[in-house]
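Colleague: Once you've had a glance at the structure underneath, I'll fire off some questions.
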Amino acid sequence: MPQTVKGVIARSKGADVELVDVVVPDPGPGEAVVQIHSCGVCHTDLHYREGGINDEFPFLLGHEAAGVVESVGAGVTDVAPGDFVILNWRAVCGQCRACAKGKPWYCFNTHNAKQKMTLEDGTELSPALGIGAFIEKTLVAAGQCTKVDAEADAAAVGLLGCGVMAGFGAAVNTGGIGRGDSIAVIGCGGVGNAAIAGASIAGATTIIAVDVDDRKLETAKSFGATHTVNGGTEDVVERIRELTGGFGADVVVEAVGRPETYEQAFYARDLAGTVVLVGVPTPDKQVTLPMIEIFGRGGALKSSWYGDCLPSRDFPMLVDLYRQGRFDLDAFVSERIGLDAIEGAFEKMERGEVLRSVVVL
Ligand SMILES: NC(=O)c1ccc[n+]([C@@H]2O[C@H](COP(=O)([O-])OP(=O)(O)OC[C@H]3O[C@@H](n4cnc5c(N)ncnc54)[C@H](O)[C@@H]3O)[C@@H](O)[C@H]2O)c1
Ligand SMILES: [Zn+2]
Ligand SMILES: [Zn+2]
């Protein structure tokens, strides 16, 4: 029997989110219904609400979640009712051209649930990143459920489902940061601070945090930043060069998604260095760069989709590091809120007061 539960939707561009009744179908073949225990508020949810991702309103928001599998459909063997899982937005297909080349973290044909969750009048909802987890129970493809140690705190490890994984992976997987490297991270929200933590765990020795908000810079130090730069009052490119022997950083992670910070990243890296864009720009943003500089500086200009992660490989590993006290996921949880407080959480995010507000059910 389909179930009716409470969920948070964005009905139209820019309108405040609403807590409404959502109809969740029973899982079909290859699908699972998951009882949500926690879901972080990511900047991407706000992008959806503002129409910055696409126009497929109404959206069922939320995508950074952990919970317990309630029921599975036909043919599901990897997870079972009762399993504690982190939801992912990269259920790889194993068959597309990326998977066939042995690069499944780029999978171009990821799975989501085939059935739609709807409003009570039958209006189909678009789940954010194919998840939709600001809701009591959600319907996903079974491959979107990654089983992890059930002892872990859902509010903390659920953040691996998006922002923390994206940031960690931007530094470690996409940027390839290793022992002795230098890195600068521009934008120290949940994503940027996870990049800092990842660089620290991977052995980077110069870790420069850049933000326009001194509170964020203070937090960045606790995640392993060795230096901080306030981009509102200091020349970011100059300061990063000074802090890296006059050369620039081996890797610069842009975790804001704006042209001016991308340009800073471009000029603040060493020759043959790497820029990693993990911040998501809105479709109107443009950058103009001298082509001779693109050639002359060499290196790589990369984007990082979800930190180039493989959930089945990376989530259990990061939960282990968390459980061993080597990766402080608790420090990303600024506050625990109810489903009725998402709009307020967006405001706190915009005012820079939180790394992550986490809905706990
Ligand atoms: N690529 C991916 O797979 C992926 C996944 C999750 C999130 N994201 C994106 O990453 C970005 C960051 O997400 P978040 O949740 O950490 O957001 P957030 O709002 O928590 O953090 C953004 C930070 O950038 C800082 N900032 C703003 N303007 C700045 C400037 N000019 N210079 C320096 N710092 C500046 C803010 O003070 C804030 O600390 C967003 O664009 C989000 O959509 C990407
Ligand atoms: Zn694939
Ligand atoms: Zn996200």
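Colleague: Can you compute the radius of gyration and Dmax for the stretch 168-304, using only the Cα atoms, both in Å?
Modeller: 13.2, 39
Colleague: On to the next question. Angle between the Cα long axis of helix 311-323 and the longest principal axis of the chain, 0 to 90 degrees, nearest 10?
Modeller: With rounding to tens, the tilt is 70 degrees.
Colleague: I would also like to ask the following. Could you point to the residue in GLN144, HIS111, SER126 farthest towards the positive end of the stretch 108-152's charge dipole, with +1 and -1 charges on the Cβ of Lys/Arg and Asp/Glu respectively?
Modeller: Value computed over the given set: HIS111.
Colleague: Then there is this: Whole-Hz ³J(HN,Hα) for each residue in the stretch 85-95, computed from phi via Karplus 6.51 cos²θ - 1.76 cosθ + 1.60 with θ = phi - 60°, x for glycine and proline: what do you get?
Modeller: 9, 9, 7, 10, 10, 9, 8, 6, 8, x, 10
Colleague: Another question, then. Between the alpha-carbon centers of the stretch 108-134 and the stretch 230-285, tell me the distance in whole angstrom.
Modeller: When both Cα centres are located, 36 Å separates them.
Colleague: I've got another one for you. By count of other Cβ within 10 Å, fewest leading, how are ARG239, ARG215 ordered?
Modeller: By the 10 Å Cβ count, ascending, the order reads ARG215, ARG239.
Colleague: Ok, one more. Compute the relative contact order of the stretch 168-304 as a whole-number percentage, counting only Cα pairs closer than 8 Å that sit 6 or more residues apart in sequence.
Modeller: 23
Colleague: Kindly count the pairs of lysines across the chain whose alpha carbons are less than 16 Å apart, treating pairs on different chains or eight or more residues apart as eligible.
Modeller: 5
Colleague: If I build a Gaussian network model for the chain, linking alpha-carbon pairs within less than 10 angstrom, which residue out of PRO104, PRO81, PRO281 has the largest mean-square fluctuation?
Modeller: PRO81
Colleague: Of the candidates THR274, THR77, THR118, which one comes out as most mobile in a Gaussian network treatment of the chain with C-alpha springs shorter than 10 Å?
Modeller: Highest fluctuation of the listed residues: THR77.
Colleague: What order do you get for VAL76, VAL276, VAL68 when you list them from fewest to most C-beta neighbours inside 10 Å?
Modeller: By the 10 Å Cβ count, ascending: VAL68, VAL76, VAL276.
Colleague: Also, I was wondering about something else. Report, in degrees rounded to the nearest 10, the 0 to 90 angle that the Cα long axis of helix 190-202 makes with the longest principal axis of the chain.
Modeller: Roughly 60 degrees, rounded to the nearest 10.
Colleague: Here's another thing I want to ask about it. As a check on your grasp of the helix formula, calculate [θ] at 222 nm for the chain: sum -39500 (n - 2.57) over DSSP H runs of n ≥ 4, divide by the residue count, round to the nearest 500.
Modeller: My calculation for the chain gives -7000 deg cm²/dmol from helical runs alone.
Colleague: What is the P(r) of the chain, as percent of Cα-Cα pairs per 20 Å bin from 0?
Modeller: 31, 57, 11, 0
Colleague: In nm, what is the difference between 0.36 nm times the number of residues separating ALA100 and LEU321 and their Cα-Cα distance?
Modeller: Gain on extension, ALA100 to LEU321, equals 76.5 nm.
Colleague: Give me the Å³ per residue figure for the convex hull around the C-alpha atoms of the stretch 115-157.
Modeller: Given the Cα convex hull of the stretch 115-157, per-residue volume reads 92 Å³.
Colleague: So, one more: Which one of LEU310, LEU271, LEU159 has the biggest mean-square fluctuation once the chain is modelled by GNM with Cα springs under 10 Å?
Modeller: Maximum among the listed residues: LEU271.
Colleague: Please get the size of the charge dipole for the chain, origin at its Cα centre, with Cβ charges of +1 on Lys and Arg and -1 on Asp and Glu, quoted in debye to the nearest 20.
Modeller: 1060
Colleague: A further question on this structure: Loop-only chymotrypsin sites (Phe, Trp or Tyr not before Pro) in the stretch 32-115, please: DSSP not H, G, I, E or B, and at most 12 other Cβ atoms within 10 Å.
Modeller: Sites meeting the loop and neighbour criteria: PHE108.
Colleague: Check which residues have an amide H placed less than 5 Å from THR228's amide H, if you skip close sequence neighbours.
Modeller: ALA209
Colleague: Rg to Rh for the stretch 82-152: what is it, with Cα atoms only and Rh by Kirkwood?
Modeller: Over the Cα atoms of the stretch 82-152, Rg/Rh equals 1.04.
Colleague: Alpha carbon centre of the stretch 1-16 versus the stretch 31-67: separation in Å?
Modeller: 10
Colleague: With a cut-off of at most 13 other beta carbons within 10 Å, and DSSP calling the residue loop, which GluC sites (Glu not before Pro) in the stretch 122-164 qualify? Please list them.
Modeller: Of the GluC sites (Glu not before Pro), the ones in loops of the stretch 122-164 whose Cβ has at most 13 other Cβ atoms within 10 Å are GLU151.
Values quoted throughout were computed directly from the atomic coordinates according to the rules given, and no laboratory measurement underlies them. Treat the numbers as computed from the prediction; the structure is a model and nothing was measured. Every residue, glycine among them, receives a Cβ derived from its backbone with ideal geometry; neighbour counts consider all protein chains shown.
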